[in-house]
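This report concerns only the one structure given below.
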């Protein structure tokens, strides 16, 4: 009992305070190392995310270019079956009218003296792409009217893979739907009553 009392009396305030400070210092060092490790981990994650985004963006651009090259060469002749004779085609047409706030980009623009067709090309279009194309067509009509271009404007959506619901939605919006099938292009026309002219 005396030994125990003697041992406890060795613990005075200064010793307890020193032990507390030592423990606090070790805790601070451990916390600092943890924070540094977390910072390095976050930086590495951010770097990997940035690299992955860049890779996916480049891949998407390359894939988009491949899809465009699949469609563009045969568009003229494939629209003959619907009575269109397009003498001119332009890829990646950009319209920027700052005065009237009209900005639009068209993947392929087919035209002749009577009409023109804006073709939106996506690897796998979705319903949002169709809605965007409706807006694009309205901007094109507005821009054409401002430039005294009275030609009829038609729209088409092309894709390597087009889900059934997207195909149906595009046709209901009055667009032609262009699908790649092996080495040929299949073009579906909307019902005559639904064919939309802008």
Given the conditions (1) surrounded by fewer than 19 Cβ atoms within 10 Å (Cβ to Cβ); (2) within 17 Å of residue 178 (Cα to Cα), which single one is not true for residue 142?
-> (2)
Of the criteria (1) within 30 Å of residue 112 (Cβ to Cβ); (2) at pLDDT 75 or above; (3) out of contact with any strand residue (DSSP E or B) (no Cβ under 6 Å at 6 or more places or on another chain), which one residue 91 fails | (3)
Just one of the numbered conditions (1) farther than 20 Å from residue 186 by Cα; (2) free of Cβ contacts under 8 Å to residues at least 40 places away in the same chain is not true of residue 138; which one?
-> (2)
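If I filter segment 16-36 for residues that are at pLDDT 70 or above, under 22 Å from the mean Cα position of the chain (by Cα), over 30 Å from residue 110 (Cβ atoms) and in a helix (DSSP H, G or I), do I get at least one hit?
Here is the first cut: in segment 16-36, the residues at pLDDT 70 or above are 16-36.
Among the residues that remain, those that are also under 22 Å from the mean Cα position of the chain (by Cα) are: none.
No, every residue in segment 16-36 fails to be at pLDDT 70 or above, under 22 Å from the mean Cα position of the chain (by Cα), over 30 Å from residue 110 (Cβ atoms) and in a helix (DSSP H, G or I).
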Which of the residues that make up segment 161-184 are surrounded by fewer than 18 Cβ atoms within 10 Å (Cβ to Cβ) and in contact with a strand residue (DSSP E or B) (Cβ under 6 Å, 6 or more places away or on another chain)?
-> 179
When segment 147-175 is checked residue by residue, the ones that are over 22 Å from the mean Cα position of the chain (by Cα) and under 30 Å from residue 100 (Cβ atoms) are 147, 148, 149, 150, 151, 152, 153, 154, 172, 174
Of all residues in segment 75-128 being in contact (Cβ under 8 Å) with a residue 60 or more places away in the chain and assigned to a helix (DSSP H, G or I), the one that is surrounded by the fewest Cβ atoms within 10 Å (Cβ to Cβ) | 81
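The values are calculated or read from the model by the stated rules, or taken from the named source; none is laboratory data. A quick note: this is a predicted structure, and the numbers were derived from the prediction, not measured. So basically every Cβ, Gly included, is an ideal-geometry build from the backbone, and we count neighbours across all protein chains shown.
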